[in-house]
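Right, one structure below, let's go through it.
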Ligand code: ZN
């Protein structure tokens, strides 16, 4: 008997994530498959819904539009900050990432996209916002979640 992936089950899988140009942008390591609790929003909605009904051993390729992944970039999340706000950083350059605080105090990643005339343009959108993503997955294991995992909403 094989458990079919559904809400409340723990899924372990290997995955490779590619962008629309076919470049690999993320992947699980052979020793450490990704484990997530299905139905708890641990992974992006488009991938989660595509995995329903699969069993251990299944392989799948899933292409997810931005709307079902990290959404479209929000222009309001792109802002400018004076260079002097980056104290302690020797040279602020495009491509640098910093941890900042979101409106509710939650940690937020911001990326420097431009530096010009003592002003730094920062982008707090998710780095994968606006991207169509293709996942190649191989399901390694499907098991019942413990009560504690269900209560916490994540895998232990
Ligand atoms: Zn926990």
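Just so you know, all these numbers are worked out from the coordinates, no wet-lab data involved. These numbers come from a predicted model, not from an experiment. Glycine also receives a Cβ, built like all others from the backbone with ideal geometry; neighbour counts cover every protein chain displayed.
Filtering 17, 4 for residues that are out of contact with any helix residue (DSSP H, G or I) (no Cβ under 9 Å at 6 or more places or on another chain) and part of a loop (DSSP other than H, G, I, E, B) leaves a single hit, 4. In this entry, residue 32 is excluded by the filter for residues that are farther than 23 Å from residue 156 by Cβ and over 14 Å from the mean Cα position of the chain (by Cα). If we scan the stretch 139-156, do we find a residue that is surrounded by 12 or more Cβ atoms within 10 Å (Cβ to Cβ), assigned to a helix (DSSP H, G or I), within 16 Å of the ligand (Cβ to nearest atom) and over 20 Å from the mean Cα position of the chain (by Cα)? Yes, that holds for at least one residue.
Exactly one residue out of 123, 117 is away from the ligand (no atom under 16 Å from the Cβ), over 13 Å from the mean Cα position of the chain (by Cα) and exposed (fewer than 14 other Cβ atoms within 10 Å of the Cβ), and it is 117. Please work out if residue 99 is surrounded by fewer than 17 Cβ atoms within 10 Å (Cβ to Cβ), farther than 30 Å from residue 50 by Cα and free of Cβ contacts under 8 Å to residues at least 12 places away in the same chain. Answer is yes for this residue. Pairs are defined by a Cβ separation below 7 Å, a sequence spacing of at least 6 or placement on different chains, a first member in the stretch 131-156 that is in contact (Cβ under 8 Å) with a residue 40 or more places away in the chain and over 26 Å from residue 66 (Cα atoms), and a second member that is within 16 Å of the ligand (Cβ to nearest atom) and in a loop (DSSP other than H, G, I, E, B); the pairs so defined are 145/8; 149/155; 149/156; 150/8.
Listed by position, the strands (runs of 3 or more DSSP E) inside the stretch 73-134 whose residues that are in contact with a helix residue (DSSP H, G or I) (Cβ under 8 Å, 6 or more places away or on another chain) number at least 1 are 107-116, 119-123. Flag not set for residue 135, criterion: farther than 30 Å from residue 8 by Cβ, within 20 Å of the chain's Cα centre (by Cα), away from the ligand (no atom under 16 Å from the Cβ) and surrounded by 11 or more Cβ atoms within 10 Å (Cβ to Cβ).
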